[in-house]
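The values are calculated or read from the model by the stated rules, or taken from the named source; none is laboratory data. The structure displayed is predicted, hence computed values, not measured ones. No Cβ is skipped: glycine too gets one built from the backbone with ideal geometry, and neighbour counts run over all protein chains shown. With ligands, DNA and RNA removed, areas are computed over all heavy atoms of the protein, side chains included. Shrake-Rupley method; radii C 1.70, N 1.55, O 1.52, S 1.80 Å.
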Amino acid sequence: IYYLNIIMFVDTHCHLFYNDYDSDFKDVINRAFEKKINCFIIPSTDLNSCKKSIELSEKYDSIHVAVGIHPHEVAKATEFDLYEIEKLSTNKKIVAIGEIGIDYHYDFSPKEIQKKLFETQIEIAIRKNLPIIIHERESQKDIFEIVKRIVAENPNWRKGNKKGVFHCFNGYTNFAEKVIDLGFMISFTGFITFKQKMDKINSMQVVAKEIPLEHIMLETDSPYLTPVPNRGKRNEPSNIIYIAQKISEIKNIPIETVAKITTENAIKFFNIKI
């Protein structure tokens, strides 16, 4: 993780396939490199974004991909889409199944379809022995019940490694502890840098303080959730540094420690080399 005493970071969740980056993609990558963000995980949202993300990964050694169907998109998904996603998961640049999950905040896909497709895609991950990247919004109870049951039924899935990550974690410490005990990581976005006007945002900072770094990864969720001081602008991986700085401040530890441990976590979790 250290090369010539340079700290390295991993952006474990950035949607670089979005058209937002078409005009300056190389500049986005170079700005990240300048800030020592040396690795990028692109989670997909549907079959088309899976293919576009894989194309990007074939051009850049630093890019790895997760394939999956986002809960907003599952109502439009077909059996062919799921077949193709499992087929694509054998690509050497695929490191996870995701972004998958359940979202009750919006009404883009019926609840039962969301739950069914979440389980189906976890089954793909189990067959390929890959971790999952979970999108959870206002659905903690249902998501936890599903993953708890599936983990119990599949004791050999990812044995010795974490089974998944709850991305853009926005729950409380007790929920973080429950998912960690079940064999999952949590990751923080720029949300953690926002002013504490809301109890839910405040809880993220409490969780970041109380949960050991060994269970935490960093992400931007680009192009969304741009951290302070760049709020209002398009987000990009170079902004990982502000999330790391905030966690360093919250935990009262050097940013070098945040970089070292969260990068070690990502390397093991995604089974990647930097």
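Among the residues of the range 140-182, those that are closer than 25 Å to V10 by Cα, buried (at least 17 other Cβ atoms within 10 Å of the Cβ) and of a type outside the set (F, W, Y) comprise R158, K162, K163, G164, V165, H167, C168, N170, G171, A176, V179, I180.
For the range 165-184, filtering for residues that are charged (D, E, K, R) and in contact (Cβ under 8 Å) with a residue 24 or more places away in the chain leaves 2. Residues in the range 23-74 that are among the charged types (D, E, K, R) and outside any helix (DSSP H, G or I) were compared, and the one that is nearest to the chain's Cα centre (by Cα) is D46. Here Y18 clears all of (1) hydroxyl-bearing (S, T, Y); (2) surrounded by fewer than 20 Cβ atoms within 10 Å (Cβ to Cβ); (3) more than 20 Å from L88 (Cβ to Cβ) except the condition numbered (3). Taking (1) in a loop (DSSP other than H, G, I, E, B); (2) without any contact (Cβ under 8 Å) to a residue 60 or more places away in the chain; (3) closer than 15 Å to C14 by Cβ in turn, I243 satisfies each apart from (1). Residue check, I69 against (1) closer than 22 Å to Y106 by Cβ; (2) surrounded by fewer than 15 Cβ atoms within 10 Å (Cβ to Cβ); (3) touching a helix residue (DSSP H, G or I) at 6+ places or on another chain (Cβ under 9 Å); (4) of a type outside the set (D, E, K, R), all met but one. Which one? Failed condition: (2).
Open to solvent by less than 20 Å² (accessible area, probe 1.4 Å) and either of a type in the set (A, V, I, L, M) or modelled with pLDDT under 95 (or both), is that true of S203? It is true that S203 is open to solvent by less than 20 Å² (accessible area, probe 1.4 Å) and either of a type in the set (A, V, I, L, M) or modelled with pLDDT under 95 (or both). Filtered by the rule that a residue be over 20 Å from the mean Cα position of the chain (by Cα), open to solvent by less than 60 Å² (accessible area, probe 1.4 Å) and over 17 Å from K35 (Cα atoms), the range 223-251 gives I250, K251.
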